[in-house]
């Protein structure tokens, strides 16, 4: 072995340790839906790094490219733009393409895609058929015990409920110990009541097995609830990639602010170090002090509202959300803000209210003329 | 409709009884057959007839399955040239009834037949081998039945849910493994349905095996009744045939079993198309050869006959072509088919309605099932049954138009019933309930809502029974009153005497009348109606 070889070897070792587990670089894709005259759908360019064991939830409206991202990582969709690496080995780049069956990537499909002609047991063992029998039985027991599905191994998929099918689908994709687990709206066909519990359950199982997961959903609560980091997609590109908390508190765009937190926006004028709005004054972030007019993001919990005959706001809409009332308040400038109040604040419409800010830090966006 | 339960039971039971009566009579008649006759039948006829029938049915099933499957695959999943033209053209051989196909081929390959004339015209004087016997019968039955398999398998390939193969791919399966462990099992219901259909088709065929002189159960039964008026042997043989039919249906049932095969949804994503490369041209040639063999050659032969019939002065006046007799037999066919189709629709409408709306009622379900039974039985068996019914009950009406109509009705009831139930299934129960709440009586609701909405289904049910009755051969042949010729009977009699010129015109008429049938199948196949 010569010295150069040692050099490159140590270099790759160094790279391995610093390089993120999953890496996408400038991945782009264009395709046309057949029998449809719409312009071709474009995706990307997307650059992304995921750490080992992380659960990434991808969220966005339909057509925003969430599913395309999964299909590109899994290899079910093929592109010639960009590069994708997992654990240092290339899945695809300009010159190479590993076919999906060689990638060792698990996928849980939206409608589960459990093979209708195979029993639950055969479905779970499908991906490890070639392993030796002992390994198969061990893995089967391990997974079924963990997921609580040991009692219907001999049933056919259609004989199971939605939640049970979900668990079988998860077991099937976890059985071969995938490098990454992709979940394509796994809970979209499940009853709303069950969805919350099942999301938690899926999350804990994914964590137990130390699997790196990319989970697509369009349900906001599911995303905030399960993700280590959330990837917000819009029109085929990444809008923001952050922890749920940062996404909520520090949205980078108005789109995200409105999408994630039901935010409303209130105009404010910059004077010196402060922004003045009609319901109060806030310190202005440094980088915006040169801009005369800004919009301040207000979440429904950022306001304190009291019944007051001389108040400046008027209640114009009232929604009961179960644990809170959500009031829409009209201000003298005709702008409206949302506020969540506890259930005991059961006020009539058209009541006059005093509105005050209860935040000390402002998230602002420049006004688009 | 809010009918009382006994009335509902009554309606469905009566229809079921009418439809089941011929079948019951065959069994009842067989029970009365003398032991010595049974002994003679079992020792002398059954072994070789059984071997013949089974071998033919197996060969035809395998052949049609391979041919239909390959064609369906070529059309759906490869870059075969001229696909838009080939895809529907491959169904068209359906319009030629099998016995007409057989008589065209018998003549084409026969001594001094059209084939020899054609080749000598082209300057190639050759003697073609005759195609009588097993291989000829198998060839023609495969050619006549592959369009059904093709249609079924093609719809199934078209509707297969891609997510399943994608899931297998994510679990590490290569192309061949995916084919074996996912795609083929998912196509299994289509494959079994196709095999049972062709198996029944070959087992119940009368025209082809008789023309090509290959003895099977059906032709033996016909000869016993028609040649020697020996009902007891025919009866005994029929029992074996019925047994076979049941066996086939049972096999289909067990093969499908508990597993459910549903395609979840239609995907927008296009399926990958296999590039045939150098095989493109040979594949296209193969498809063209099939279309020529199944459609162009027989129709060409028939055209040639009618041309020579109108030009050559025939020596035998009774077998000469005459417009009068053609029109007369055409009218006879239309009369029989109209009565049958109308009666069929009228009888299946209430039963279909009840069986859709009272899905969970066991009694109604069973009677609907019994009523449809005649479709699975060979036409000759139904004809024998009806003949027995009349012999037991009203001997004067045996061999009459009424007998033909009842036989055809029993045979084709299922076709009409299926279409009408499908139509009723589309009409939501809520519509009826809405009408009731708006003050319509149940009868009025039925008239104003159901009947109006299922008019297309009623029409297509009527049409399909009408066309099937037009083309049916054995029952029309066996049960007709003396001197009553329908188009099929005319074709058959002329052809079996070797007067092909006379058979040509009615045969072409029958083919023309079958065009809507081909259209309806092509129209339905993309809805995945398997």
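None of the figures in this text is laboratory data; all of them are computed from the coordinates on show. Bear in mind the structure is a predicted one, so any value in this text is a computation, not a measurement. FYI the Cβ positions are ideal-geometry reconstructions off the backbone, even for glycines, and counts take in every protein chain you see.
Summary table below
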{"quantity": "Sorted by Cβ density within 10 Å, fewest first, the residues B:299, A:316, A:59, B:274", "calculated": "A:316, B:274, B:299, A:59"}
{"quantity": "Prolate/oblate/rounded label for region B:334-422 (Cα gyration tensor, a/c 1.5)", "calculated": "prolate"}
{"quantity": "Expected 222 nm ellipticity per residue - DSSP helices of 4 or more, -39500 (n - 2.57), all of chain B, to 500", "calculated": "-23500 deg cm²/dmol"}
{"quantity": "Efficiency of FRET between residue A:94 and residue A:49 - r from beta-carbon atoms, R0 25 angstrom, step 0.05", "calculated": "0.80"}
{"quantity": "Calculated FRET efficiency for the pair residue B:62/residue B:275, C-beta based, R₀ 35 Å, to 0.05", "calculated": "0.75"}
{"quantity": "Ranked by how many other beta carbons lie within 10 Å on average, peptides B:279-285, A:297-303 from highest", "calculated": "A:297-303, B:279-285"}
{"quantity": "Residues A:264, A:173, sorted so that the one with the fewest Cβ neighbours within 10 Å comes first", "calculated": "A:264, A:173"}
{"quantity": "Chain A - mean residue ellipticity at 222 nm from DSSP helices (-39,500 (n - 2.57) per run, n ≥ 4, rounded to 500)", "calculated": "-8000 deg cm²/dmol"}
{"quantity": "Paramagnetic label zone (point 7 Å from Cα along Cα-to-C-beta, residue A:237; backbone N under 19 Å) in region A:251-266", "calculated": "A:251-259"}
{"quantity": "Relative contact order [Cα under 8 Å, 6+ residues apart], chain A, whole percent", "calculated": "15"}
{"quantity": "Between region B:366-441 and region A:43-97, the alpha-carbon center distance in angstrom", "calculated": "59"}
{"quantity": "Simple label model, 7 Å out from Cα along Cβ direction - residue A:207 to residue B:37, nm", "calculated": "8.2"}
{"quantity": "Highest-first arrangement of B:60-69, A:232-241, where packing means the average Cβ count within 10 Å", "calculated": "B:60-69, A:232-241"}
{"quantity": "Relative contact order (%) - criterion: Cα under 8 Å, at least six apart; region: region A:262-366", "calculated": "33"}
{"quantity": "Per-residue average of Cβ from other chains inside 10 Å of A:124-132", "calculated": "3"}
{"quantity": "Rounded to 5, percent antiparallel among DSSP beta bridges of the protein assembly as shown", "calculated": "75"}
{"quantity": "Within 10 Å of each Cβ in A:176-182, the average number of Cβ atoms from other chains", "calculated": "1"}
{"quantity": "Extension gain, residue B:363 back to residue B:183 (0.36 nm per residue minus Cα-Cα distance, nm)", "calculated": "61.0 nm"}
{"quantity": "Whole-angstrom gap from region B:28-54 to region B:194-234, using each part's C-alpha centre", "calculated": "14"}
{"quantity": "Point-to-point label distance, residue A:249-residue B:493, nm (Cα→Cβ direction, 7 Å offset)", "calculated": "9.9"}
{"quantity": "Cα gyration tensor category, rounded, prolate or oblate, for region B:56-311 with a/c compared to 1.5", "calculated": "oblate"}
{"quantity": "Peptides A:277-288, B:499-510, B:180-191 ordered by average Cβ neighbours within 10 Å, highest first", "calculated": "B:499-510, B:180-191, A:277-288"}
{"quantity": "Sequence-separation-based contact order of chain B, relative, with Cα cut under 8 Å and 6+ spacing, percent", "calculated": "25"}
{"quantity": "Cβ-derived FRET efficiency at R0 35 Å, residue B:515 paired with residue B:451, nearest 0.05", "calculated": "0.80"}
{"quantity": "Computed label-point distance, nm, for sites residue A:154 and residue A:191 using a 7 Å Cα→Cβ extension", "calculated": "2.8"}
{"quantity": "Cα gyration tensor shape for the protein assembly as shown, rounded if a/c is under 1.5, else prolate or oblate", "calculated": "prolate"}
{"quantity": "Shielding by partners - mean other protein chain Cβ count within 10 Å, residues of A:155-162", "calculated": "2"}
{"quantity": "Fraction of beta bridges assigned by DSSP in chain A that are antiparallel (%, nearest 5)", "calculated": "75"}
{"quantity": "Sorted by Cβ density within 10 Å, fewest first, the residues B:380, A:50", "calculated": "A:50, B:380"}
